[in-house]
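Notes follow the structure.
The values are calculated or read from the model by the stated rules, or taken from the named source; none is laboratory data. None of these values were measured; they are calculated from a predicted model. We place every Cβ from the backbone using ideal geometry, glycine too, and count neighbours over all the protein chains shown. Side chains included, ligands, DNA and RNA excluded: accessible areas come from the protein's heavy atoms. Shrake-Rupley method; radii C 1.70, N 1.55, O 1.52, S 1.80 Å.
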Amino acid sequence: QSGIPYGMGFIKNKYIGRTFIQGSQKQRENSVRIKLNVVSSTVKGKRVVLVDDSIVRGTTIKEIVRMARQSGAKKVFIASGAPPVRYPNVYGIDMPTTAELIAGDNRPTEQIRIEIGADALVYQTIEGMKEAVGGLNPEIKRFDCSCFDGDYVTGDITPQYIAELEKKRLEAKAEAKKAASDD
């Protein structure tokens, strides 16, 4: 509808899974390089808009922006299909702590844009996401958006509970790091 040509700027290696859940930052960065390959003919000399489903830590999108620029993109604009991930998921997905989330602690979009190296960054709004998802099944009146808005559907998740979870997670990481260095 926009009249902007559409093309595949990256080819994904289907054997590499979600990078945001890998154990260390180094593993995540290495996996991104293996996971994606730039189609140079699609991006070279062009202003490109890259659409990502969500931005969690920022590792993947930062590397994507870098790879697009190295392949000759004039400008790199990022559109996230999800709102900023600002809160951890406590319902079974191994999500990072608030401090590890690129949008955690309510970081401004402009600060995130600078950090990932993009020329522009836009996020889906929470309202827009709710409207889009709700439109798929009008019988659904409420669904969990907690990692975007901090409103946990069970009603029993408090900032203190999240702080305690994050403290335990950081302690476990420190113990694992110490154990690895003792080996």
Quiz item: Across the stretch 113-125, what is the total count of residues that are buried (at least 18 other Cβ atoms within 10 Å of the Cβ) and either of a type in the set (Ser, Thr, Tyr) or under 12 Å from the mean Cα position of the chain (by Cα) (or both)?
Solution: 2
Quiz prompt | First in the stretch 166-183 and in contact (Cβ under 8 Å) with a residue 40 or more places away in the chain and more than 18 Å from residue 99 (Cα to Cα), second anywhere and among the aromatic types (Phe, Trp, Tyr) and surrounded by fewer than 10 Cβ atoms within 10 Å (Cβ to Cβ), Cβ under 9 Å, 6 or more apart | solution = none
Exercise. Would you check if residue 139 is in a helix (DSSP H, G or I), charged (D, E, K, R) and open to solvent by 50 Å² or more (accessible area, probe 1.4 Å)?
Key: no
Quiz prompt | Residues (hydroxyl-bearing (Ser, Thr, Tyr) and under 15 Å from residue 109 (Cα atoms)) located in the stretch 41-81 | solution = 54, 80
Quiz prompt | Flag if residue 110 is modelled with pLDDT of 90 or more, in contact with a strand residue (DSSP E or B) (Cβ under 9 Å, 6 or more places away or on another chain) and open to solvent by 20 Å² or more (accessible area, probe 1.4 Å) | solution = yes
Self-check item: All positions within the stretch 129-152 that are under 14 Å from residue 81 (Cα atoms) and free of Cβ contacts under 8 Å to residues at least 12 places away in the same chain
Solution: 131, 132, 133
Quiz item: Is there any pair with a first residue in the stretch 54-74 that is more than 15 Å from residue 84 (Cβ to Cβ) and open to solvent by less than 20 Å² (accessible area, probe 1.4 Å) and a second that is in a loop (DSSP other than H, G, I, E, B) and not aliphatic (A, V, I, L, M) whose Cβ atoms are under 6 Å apart and which are 6 or more apart or on different chains, and what are they?
Solution: 65/117
Quiz item: Where in the stretch 36-87 are there strands (runs of 3 or more DSSP E), lying wholly inside it, with at least 1 residues that are within 21 Å of the chain's Cα centre (by Cα) and at pLDDT below 95?
Solution: 36-38, 47-52
Quiz item: Taking the stretch 75-91 as the region of interest, how many residues are hydroxyl-bearing (Ser, Thr, Tyr) and open to solvent by less than 20 Å² (accessible area, probe 1.4 Å)?
Solution: 1
Exercise. Select from the stretch 92-107 the residues that are in a loop (DSSP other than H, G, I, E, B), open to solvent by 70 Å² or more (accessible area, probe 1.4 Å) and either modelled with pLDDT of 90 or more or of a type in the set (Val, Ile, Thr) (or both) and list them in ascending order.
Key: 93
Quiz item: On the given criteria, is residue 33 modelled with pLDDT under 80, open to solvent by 90 Å² or more (accessible area, probe 1.4 Å) and either touching a Ser or Thr at 6+ places or on another chain (Cβ under 9 Å) or not in a strand (DSSP E or B) (or both)?
Solution: yes
